[in-house]
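Q: Structure provided below as structure tokens; questions to follow.
The values are calculated or read from the model by the stated rules, or taken from the named source; none is laboratory data. Everything quoted here is computed from the prediction, not taken from an experiment. In this analysis, Cβ positions are derived from the backbone assuming ideal geometry, glycine residues included, and neighbour counts consider all displayed protein chains.
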Number of protein chains: 2
Amino acid sequence: MANLDPLFFPKSIAVIGASDRPLTIGHRIVSNLLQKGFVGRVTPVNPKGTSILGLRSAPSILDVDGEVDLAHVIVKNSLVPQVLHQCADKGVKVCIVNTSGFKEMGPDGARAERKLVDLARERGLRLFGPNCQGVMNTDPAVKLYSNFTFADMWPGHISMVCQGGGVAEVINNYFGMHRVGTRMYASNGNACDISIPEILQYYGDDDQCHAIVLHVESFADPAQFLELVRPVAAKKPILALKSGTTPEGARAVSSHTGGLMAADTVTDVIFDRCNILRFGSLAELCEAAEAFATQPIPRGNRLGMVTNAGSPAIIVTDEAVGAGLAVPDLAEESKGALRKELQAIASIANPIDMMATASGPEFSVSLRTLLDDPNMDAAVVCFMTPFFVDTLSIADAIVEQAKRTDKTLIAVAMTNPEGKPEWREAVDRVRGAGVPVYYFPASAARVLYHMDRFRRLRERPEAAPPDLRVDTRRAADILDRATPGPEGFIPPEDVSDLLAAYEIPAALEGRGESWDEIKEAAARVGYPVVLKAEAPTLIHKTEANAVALNITGEAQLRAAHDRLLASLGESHELSFLVQKYHARGVEVILGGVAAPDLGSMVMFGLGGVHVELFKDVLFGLAPLSSPEAETLIDGITAAPLLSGYRGAPPVDRTALVDLLLRVSRLLADHPRIWELDLNPVMLFPEGTRPAVVDARVKLGPPRGKAAGDGSARP
Amino acid sequence: MANLDPLFFPKSIAVIGASDRPLTIGHRIVSNLLQKGFVGRVTPVNPKGTSILGLRSAPSILDVDGEVDLAHVIVKNSLVPQVLHQCADKGVKVCIVNTSGFKEMGPDGARAERKLVDLARERGLRLFGPNCQGVMNTDPAVKLYSNFTFADMWPGHISMVCQGGGVAEVINNYFGMHRVGTRMYASNGNACDISIPEILQYYGDDDQCHAIVLHVESFADPAQFLELVRPVAAKKPILALKSGTTPEGARAVSSHTGGLMAADTVTDVIFDRCNILRFGSLAELCEAAEAFATQPIPRGNRLGMVTNAGSPAIIVTDEAVGAGLAVPDLAEESKGALRKELQAIASIANPIDMMATASGPEFSVSLRTLLDDPNMDAAVVCFMTPFFVDTLSIADAIVEQAKRTDKTLIAVAMTNPEGKPEWREAVDRVRGAGVPVYYFPASAARVLYHMDRFRRLRERPEAAPPDLRVDTRRAADILDRATPGPEGFIPPEDVSDLLAAYEIPAALEGRGESWDEIKEAAARVGYPVVLKAEAPTLIHKTEANAVALNITGEAQLRAAHDRLLASLGESHELSFLVQKYHARGVEVILGGVAAPDLGSMVMFGLGGVHVELFKDVLFGLAPLSSPEAETLIDGITAAPLLSGYRGAPPVDRTALVDLLLRVSRLLADHPRIWELDLNPVMLFPEGTRPAVVDARVKLGPPRGKAAGDGSARP
């Protein structure tokens, strides 16, 4: 792993392009470093050699005294290569290239940027940027604000890495405004060399970082991201926002599975595989980060509340219960203790409502009782700051309980800290004891919901995808010799063979074009059968009325054949598929979609006519482990249908897991499968194998073409 | 309508129970009135006659000089009646009874409270409270802070009424902290006399109130609420939070419809009928209120953006598109204009990204172009405050455009106003021009989503429930003579008759117990038929396997009868229902649930085995108007199934609307129907009437018992 110490713990920094004009970046970075009290040496570099903010400039980096770990490069973009060469000559370890005018400007800029990378690799220099803000580190050993923005920073344990500079600022300013402690910060712009996964790795190894905030807009290298970041997320929580989820420019899809994929499914699948906690709301992410950095993850989902105002605690309850948390009764011994200690008007329930007159002693006893209650995994303390109460005694009671508990404790301070010095002091004391503080009551419940979500992510059993008896070679051969139609679908016979190579149980079937062939196929399959008319031009067979079900004998078969021929034969070149007819099982859909640069995704969901309406499907990254397959199966809304719904027997679970594993293995082994639909798949009670009733396989564009023709998924 | 002028525009206030001790409510209210600059006269009333904050106390209210409009009552609860009598003697018009110890303490307190009301009615006095905070009014004619809390208040156009004092404080403090203008405030605690609907009426008639924030926990009188508040909501937006949505103590239900009802469906139905905009999040409500009070409702859902930082605008786009708003391309003429005026690196798209160096002139031209673009209904302007840009020029550009546009304009200021006086000034100038300002980018999109939701609410056609040919009298007779089973269900024959009285097309059917009776019924109905075994003890027939479908002749009927008798006859006392067998249509469910003190709710949704899994149902208040029925039909997720899904013909829409209207009329006319299930109802293509395949009706507890036995819904 790369050592980013020179970036985050530099002893000496040069600012190349420093200026004495206050409204320039070259001035601002020097002034920020000085104002935030950078512990090391700062040398402005400016050819005029003027004095900047009381520091003598060096005319060039080569003229700087002593070693330089880190250099800001703020010169014109055409001068950057020359400056980098000088930095290499000087022995600089990392350059933050703030200068813009590279990849973000189009192909010429991208070429210039690639040349920077080549230069840096050749000369043993690491690059951060270009077109970037910089880094920060609140560690008292450096006090580093190597960035041209300016935010309040309070030392703490949240480290941030953000692709978008604007979003980075929003996050950093939020923490500054709310006095939430942060540790390191990096916004690396075009990220030509030092990458987001590398920075995450560095944060992962930093003992003082307890939670990581991540913002990405795209994955430069999804496979590298998976490989490098997964071990980091196993060590500490990563809270992530991926923006740019709008399905602009999503390519046309022609399968059910493709149509069911949301624009941003790939991100979900990557984050899920890494145990990264994804957020839909940046505000919620920022709020949650404070708790993840300071509080333990609750051991369960049971929440208790203490409050001096009833109505806000009801809002916490609503939000918590709505998000799947439990708000259990207090244990009997807790109730007994509180009845003795609290005044009669207090409500001894969950929430414990002590009324507005409560001060330190009441908060102390209630909170202690709640935290010791065996029914609770986490506690929320809500307080207003009535003028007739010693607010600081409330704060001190919370601090005292925070020190002695190992359960999760969250505070809601419904006060304006700017309104009165005592209120500010109360909030600061609580936060100073490592208890996160929120303004809106629901925030506490949302944060606990996210912590619970994280607990469930973490508690999933780890397992490797199992070995399965499959004939990879035969499948590859089938794909090699298959001739896809104009839309890329391979012929139905090849689909059957392909599934057979992976022991995926498709319905027993035969084919024919002439009546005699069809009749023989039916005799071979055995009545009852299904007869399906097929043609490359016929995609949705049910809509086209191209299927006849439950044919019990030859006469019925003939009638069905004649009907299909009469209704479809003129507009399509038909052949016929004869399949074993199965009694109605539980209909599900399994599918797959290629995810370029990542592999393939496998999908599981409710089948039947409702699949497009309810989109009750989940995706995973192929190949799946058994626990991952189980997670997909249990995760759909219609999951109760599988486990014996309203008196029906449960479906054969083992067979379903096996089927999903085999499909995911097929997709993983053969990424040229662009889209795969097994729809419907009928599931039956234990002892009867699932039946793939219909299957379609589409191959992707030829290799090497995918990236350039605009058809690649993000 | 009651005139609440003495409450909100008092000329003279007495504080009965005023005190010279600073930590008392009686001191705080006097000090608040003085500090906020109350324009009228304040007289402390205290038997000791001491001077309080420089004001001489009167020994009693009767000793106060001149007229008194409003009196705070802060004496011991046992003394309240006597003080109220004195107030009446003095001619006081309204008393704010801050004193607690009434209804909130249990039955004794409730009795004492009822006596206060009787006293007040008798003596011509209006009461606000008891157990309450008070009122405020920022109107410069009064500058009234008649409340013992203390928040910053900025004059504006949002008026608030909150049931919960704690929530009231959270809302009020939020506006104060963010310098959002407010007008009137009321938190009336136990609300024994002056009610929330009355206060809402008063706000409705106040020209300076442009938006209303409402918090309720329960409806004292749902019917009164509907009657009084609906006309208010027609005049100005009401943004509401109802808390206490957790289904604690919800009574057991025995119908599908009851089971599908969320704990808080009644509130949804009341708010929907009133056009009140319900919020799930208090934070979002507070943010939205600022925009509703200052900006026009957009004429459509199309949103354009201007920004000086790309990544936050992407978040706005994600959130907007996810919430159903459109982010269209700029018109060609807009692009042309911007290409001429902006620098080359600007991105001329939606969002318009002018880069961080943009200042006033760029913001001005971009925003003007966007607001004039015929493709846009609303604009969001996002800005960071880079140190190298004149931030105030950005603010002034926004102010300038706000003045000339009649479209909706929202600002996102990604800055810490406390960081630098110029940043604070920029935010204040923008907000001062009536442009709402948010910190997080997604907030702007959420607010526009809520405005769009409100537009759609408002645009629904108004219509009265239609007259229908129904036999109300016959239905009442059937219900009178029906003998409900132990669970309250009335016999199937009565259900059929009841539906027939409202011309609700149930499947043609007959009944029998003996084989001969059954055989005759089948002959009368005509094959194919369905045979169903029935018994009061048999609730879910499908699960119990008590149904035989598509019986085409007598022999098959006999076999089915024998099978049902063999499998169920031992454990149940069976009778048999013979129904016309219908080909499979689109299965839906219609239902009804009594809502005590309000009437009845009618439900429509997707039927079949998936109904409990997906809960794809909607509720409305009976009786429905035609547009309301259409809204329910179009609102379910499965709505596409009804309008011709994947090649199927659309169902008979007119017949479905008529059916829903008739069911809603039946429920409205006969509130003793406690639960009603029509499940499934088969819908067919135009020309074929819907068929109610199964129906159950449950009667409620005897009149007068509902309220006391804990079985009433909230």
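Q: Determine whether segment A:548-570 contains at least one residue that is closer than 30 Å to A:V657 by Cβ and either modelled with pLDDT under 95 or in contact with a Lys or Arg (Cβ under 9 Å, 6 or more places away or on another chain) (or both).
A: Checked against the condition, which is being closer than 30 Å to A:V657 by Cβ and either modelled with pLDDT under 95 or in contact with a Lys or Arg (Cβ under 9 Å, 6 or more places away or on another chain) (or both), segment A:548-570 yields at least one hit.
Q: Show the residue pairs that are 6+ apart or on different chains and have beta-carbon atoms under 6 Å apart, the first residue being within segment B:584-603 and buried (at least 21 other Cβ atoms within 10 Å of the Cβ), the second being among the charged types (D, E, K, R) and assigned to a strand (DSSP E or B).
A: Sorted first by the residue in segment B:584-603, then by its partner, the pairs are B:G591/B:D677; B:V593/B:E675.
Q: Kindly evaluate A:A622 against the criterion of being away from chain B (no Cβ under 14 Å), surrounded by 21 or more Cβ atoms within 10 Å (Cβ to Cβ) and over 24 Å from B:E587 (Cβ atoms).
A: So A:A622 fits the description; yes.
Q: Mind checking which residues of segment B:303-324 are facing chain A (nearest Cβ under 10 Å) and of a type outside the set (A, V, I, L, M)?
A: Applying the first criterion (facing chain A (nearest Cβ under 10 Å)) to segment B:303-324 yields B:307-322.
The answer is B:T307, B:N308, B:G310, B:S311, B:P312, B:T317, B:D318, B:E319, B:G322.
Q: May I pose another question? Within segment B:106-124, how many residues turn out to be under 30 Å from B:D207 (Cα atoms) and surrounded by fewer than 21 Cβ atoms within 10 Å (Cβ to Cβ)?
A: Selection size over segment B:106-124: 2.
Q: Among the residues of segment B:546-589, which ones are β-branched (V, I, T), closer than 18 Å to B:G608 by Cα and in contact with a helix residue (DSSP H, G or I) (Cβ under 7 Å, 6 or more places away or on another chain)? Walk me through it before giving the result.
A: Initially, segment B:546-589 is screened for residues β-branched (V, I, T), giving B:547, B:551-552, B:578, B:586, B:588-589.
Filter once more, keeping what is closer than 18 Å to B:G608 by Cα: B:547, B:586, B:588-589.
B:V586, B:I589 - these are the residues of segment B:546-589 that are β-branched (V, I, T), closer than 18 Å to B:G608 by Cα and in contact with a helix residue (DSSP H, G or I) (Cβ under 7 Å, 6 or more places away or on another chain).
Q: Take segment A:80-109 and flag every residue that is more than 19 Å from A:N147 (Cβ to Cβ) and touching an Asp or Glu at 6+ places or on another chain (Cβ under 7 Å).
A: Listed by number, the residues that qualify are A:G91, A:K103.
Q: Could you list all residues from segment B:187-239 that are of a type in the set (S, T, Y), surrounded by fewer than 23 Cβ atoms within 10 Å (Cβ to Cβ) and within 14 Å of chain A (Cβ to nearest Cβ)?
A: Selection gives B:S218 alone.
Q: Right, another one. Please work out if B:A397 is in the same structural domain as B:M305 (by TED's automatic domain parsing), farther than 15 Å from B:P441 by Cβ and assigned to a loop (DSSP other than H, G, I, E, B).
A: no
Q: Oh, and also: In this structure, does A:A622 turn out to be without any contact (Cβ under 8 Å) to a residue 12 or more places away in the chain, of a type outside the set (K, R) and either touching a Ser or Thr at 6+ places or on another chain (Cβ under 6 Å) or not assigned by TED's automatic domain parsing to the domain that holds A:S496 (or both)?
A: no
Q: For A:E612, all conditions in the list (1) within 25 Å of A:G259 (Cα to Cα); (2) within 14 Å of chain B (Cβ to nearest Cβ); (3) surrounded by 15 or more Cβ atoms within 10 Å (Cβ to Cβ) hold save one; what is the number of the exception?
A: (3)
Q: Working only within segment A:336-366, note down all residues that are within 17 Å of A:S393 (Cα to Cα) and assigned to a loop (DSSP other than H, G, I, E, B).
A: Passing the criteria: A:L342, A:M354, A:M355, A:A356, A:T357, A:A358, A:S359.
Q: Could you pull out the residue among A:L565, A:L577 that is more than 19 Å from the chain's Cα centre (by Cα), surrounded by fewer than 22 Cβ atoms within 10 Å (Cβ to Cβ) and either in a helix (DSSP H, G or I) or away from every other protein chain (no Cβ under 14 Å) (or both)?
A: Answer to the check: A:L565.
Q: For segment A:380-393, give me the residue count where each residue is closer than 11 Å to A:E425 by Cα and either β-branched (V, I, T) or not assigned by TED's automatic domain parsing to the domain that holds A:S443 (or both).
A: The number of residues fulfilling the criteria is 1.
Q: Follow-up. Could you please find all residues in segment A:55-68 being aliphatic (A, V, I, L, M) and either outside any helix (DSSP H, G or I) or at positive phi (or both)?
A: Of the residues in segment A:55-68, the ones aliphatic (A, V, I, L, M) are A:55, A:58, A:61-62, A:64, A:68.
Matches in segment A:55-68: A:L55, A:A58, A:V64, A:V68.
Q: So, one more: Taking segment B:24-60 on its own, how many of its residues are away from chain A (no Cβ under 14 Å) and either within 23 Å of B:D89 (Cα to Cα) or out of contact with any Lys or Arg (no Cβ under 8 Å at 6 or more places or on another chain) (or both)?
A: Qualifying residue count, segment B:24-60: 23.
Q: In the set B:V30, B:V39, which member is more than 30 Å from B:E227 (Cα to Cα) and not in a loop (DSSP other than H, G, I, E, B)? Walk me through how you get there before you give the answer.
A: Values: B:V39 fails: not in a loop (DSSP other than H, G, I, E, B).
After applying the criteria, what remains is B:V30.
Q: Next question. Can you pull out the residues in segment B:347-358 that are within 12 Å of chain A (Cβ to nearest Cβ) and at negative phi?
A: The answer is B:S347, B:A349, B:N350, B:P351, B:D353, B:A356, B:T357.
Q: So A:G176 passes all but one of these: (1) at pLDDT 95 or above; (2) within 12 Å of another protein chain (Cβ to nearest Cβ); (3) crowded, with 23+ Cβ neighbours inside 10 Å. Which condition number does it fail?
A: So A:G176 meets the others, but not (3).
Q: Scan segment B:614-627 and tell me whether some residue there is assigned to a helix (DSSP H, G or I) and at pLDDT 90 or above.
A: The answer is yes, given that some residue of segment B:614-627 is assigned to a helix (DSSP H, G or I) and at pLDDT 90 or above.
Q: May I pose another question? From A:V64, A:V75, A:V42, grab the single residue that is farther than 26 Å from A:R121 by Cβ, touching a helix residue (DSSP H, G or I) at 6+ places or on another chain (Cβ under 8 Å) and at pLDDT 95 or above.
A: One residue alone meets the criteria, A:V42.
Q: Which members of segment B:302-318 meet the condition of being more than 28 Å from B:D390 (Cβ to Cβ) and at pLDDT below 95? Let's see the steps before the verdict.
A: Start the filter on segment B:302-318 by keeping residues that are more than 28 Å from B:D390 (Cβ to Cβ), which leaves B:302, B:318.
Result: B:D318, single match.
Q: Follow-up. Given (1) touching a residue at least 24 places away in the same chain (Cβ under 8 Å); (2) farther than 28 Å from B:R584 by Cβ, where does B:E503 come up short, assuming only one miss?
A: (2)
Q: Specify the residue that is farthest from the chain's Cα centre (by Cα); the eligible residues are those in segment B:666-686 that are buried (at least 23 other Cβ atoms within 10 Å of the Cβ) and over 21 Å from B:G488 (Cα atoms).
A: B:L683
Q: Collect the residues in segment B:167-216 that are under 24 Å from B:G434 (Cα atoms), among the polar types (S, T, N, Q) and in a strand (DSSP E or B), keeping them in residue-number order.
A: The answer is B:T182, and nothing else.
Q: If you check A:P374 against the conditions, is it in contact with a Cys (Cβ under 9 Å, 6 or more places away or on another chain) and in contact (Cβ under 8 Å) with a residue 40 or more places away in the chain?
A: No; evaluated as a whole, the condition is false for this residue.
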